[in-house]
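Let me begin by presenting the structure, written as structure tokens, before commenting on it.
Derivation of every value follows stated rules applied to the coordinates shown; laboratory data play no part. Just so we're clear, the structure is a prediction, and the values are computed from it rather than from any experiment. Because the Cβ atoms are built from the backbone with ideal geometry, glycine has one as well, and the counts that use them run over all protein chains shown.
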Amino acid sequence: MTRQQILLSTFAVLFLACTAGTVLSSSDSDAEFTIRFSFLGSPEDEDYDGALVFEQYVESRSNGRVDVELYPSGQFCSNERECLEGMQTGVLQVFMLTTGGLGSIFGAGQVLDLPYTFRDDAVVECVLDGPMTAGIRRAVLDAELGVRLMTVSNTGGWRNFAATDEQIRTPEDIKGRKFRTISAPVQQELVRQLGGNPTPVAWSEVYTALATGVVEGSKNGIQDIVGMKLHEQIKYITLDGHSYMGGMWWYSEVSWQSLPPDIQRIVYDAFQELKTVTRGIVKRREIEAYKEFVESGGALYVPTPAEKEMFREAASGIRDWYVEQYGREWLDKLDTAISDCEEQIDSAYDGAVTD
């Protein structure tokens with residue numbers, strides 16, 4: 001998708017009076033710059049905690065030169081497309097896309113969302129902190145999409161299969177059933193390859209879709225399920241952990257270029273603080289969310305290693321699908337990054353137990 005296809009005239013007309021760079025502060029503030037920071041999650045979401053840390057860091061380290069305005073729950077822009085348009089025009093500075101949602105601006109980037117690719121948090125976080133993220137940043141900048149990737153956080157843990165009426169133990173249990181997915185092609189293809197019927201449903205409509213039988217299950221992290229009260233409909237979760245819900249935080253490129261170097265460094269460092277906080281909070285809050293799910297009558301199922309391998313084999317064709325759609329370049333880069341990170345992590349473990 002080109003920048004022109006994404007950038008509609010709506011924001012250009014609506015914010016014609018705004019500056020093209022970082023929005024200048026209002027007259028009642030001493031700040032030189034204002035950073036408008038928008039995300040679709042609620043104040044109960046880990047993204048909000050990360051946003052608060054970002055706000056405090058930037059405002060304190062800049063000695064008041066920068067004012068950060070937080071807009072949770074879609075208050076500034078109500079969907080990904082609107083938010084991207086806002087960043088491209090420079091009226092919005094910060095927005096987050098999931099790794100799955102990355103496909104809306106950079107299709108090949110969906111490689112990060114290929115199922116059953118990462119073995120654990122340590123490996124995926126190592127990969128996301130390395131050359132893969134830098135490469136995606138450069139590719140999006142080279143495509144002149146008007147946004148700059150700043151960091152990748154955790155925005156919900158791992159996606160698992162969840163159902164309203166029956167426990168899923170093997171891929172056979174998915175066949176013929178309707179599962180809610182996000183609009184990302186790779187997420188829909190996963191359900192399709194496992195024999196299910198992928199059904200894209202807007203996040204705000206998932207509860208109703210589950211309650212009315214439009215879908216029979218979903219693919220979400222436990223915090224999203226409990227936070228949106230989906231466990232009132234969902235009674236079974238299978239901890240297959242097919243994809244990591246990375247949060248990709250973007251900055252308006254035209255706004256970024258208007259910042260002086262010292263403020264750029266403060267903003268960059270603030271994103272690293274946000275990343276650290278959100279990764280930790282997700283792991284902490286999962287404990288309470290799983291407890292609430294079980295206490296409400298929900299059932300958790302942990303696949304055996306053999307069953308996990310069945311899921312992996314059933315979805316193995318998705319790599320061929322990806323290559324047909326986007327080529328091998330980014331898949332090869334990911335495989336190399338994973339191999340390097342696994343070797344690094346395993347070497348550290350060996351040293352820790354043998355020294």
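For a straight C-alpha distance cut-off of 26 angstrom, the lysines reachable from residue 283 (same-chain residues fewer than eight places away being disregarded) are 219, 229, 235, 275, 291, 308.
Compare the peptides 323-329, 126-132, 61-67, 200-206 by average per-residue count of other Cβ atoms within 10 angstrom and give them in order, highest first. It would help to have the intermediate numbers written out before the result.
Numbers: 323-329: 12.9, 126-132: 18.7, 61-67: 16.6, 200-206: 14.7.
Output ranking for 323-329, 126-132, 61-67, 200-206: 126-132, 61-67, 200-206, 323-329.
Residue farthest toward the positive end of the dipole of region 35-99, with Cβ of Lys/Arg at +1 and Asp/Glu at -1: which of 63, 41, 94? Farthest towards the positive pole: 63. For the chain, the Cα-based Rg and Dmax, in that order, read 20.7, 65 Å.
Just so you know, the Rg over Rh for region 143-198 is 1.13, from Cα atoms, with Rh as the Kirkwood radius. Each of 170, 208, 238 has some number of other Cβ atoms within 10 Å of its Cβ, and from fewest to most they run 208, 170, 238.
Neighbour counting of Cβ atoms within 10 Å sorts the residues 242, 231, fewest neighbours leading, into 231, 242. For the chain, the membrane-span-like helix rule (DSSP H, alpha carbon extent of at least 30 Å along the helix axis, mean Kyte-Doolittle at least -1.0) picks out 261-295, 329-354; this says nothing about an actual membrane.
Using unit Cβ charges (K, R positive; D, E negative) and no other charged atoms, how large, in debye to the nearest 20, is the dipole of the chain about its Cα centre?
Values: 31 positive and 54 negative charges, 156 e Å.
Approximately 740 debye in magnitude.
With the convex hull drawn over the C-alpha atoms of region 214-291, the volume per residue is 133 Å³.
Scaling the Cα radius of gyration of region 216-349 by the globular reference 2.2 N^0.38 Å produces a ratio of 1.39. Comparing mean-square fluctuations of 34, 336, 98 from a GNM of the chain with C-alpha springs under 10 Å, the top value falls on 336.
Taking amide H as placed 1.01 Å from N in the peptide plane, the amide H of residue 194 sits under 5 Å from none that are at least 5 places away or on another chain. If you run the Gaussian network model on the chain, springs between alpha carbon atoms under 10 Å, then out of 45, 224, 165 the most flexible one is 165.
Computed about the Cα centre, the dipole magnitude for region 77-214 is approximately 180 debye when only Lys and Arg (+1) and Asp and Glu (-1) carry charge, each at its Cβ.
Anyone know which of 333, 235, 219 comes out most mobile in the 10 Å Cα GNM of the chain? For the chain, modelled as a Gaussian network with Cα springs under 10 Å, the answer is 333. Ordering 301, 322 by the number of other Cβ atoms within 10 Å of each residue's own Cβ, fewest first, gives 301, 322.
How much length would be gained if the chain were fully extended between residue 232 and residue 81, taking 0.36 nm per residue of separation minus their Cα-Cα distance, in nm to one decimal?
Details: separation 151, 0.36 × 151 = 54.36 nm, distance 3.01 nm.
Length difference between fully extended and current span is 51.3 nm.
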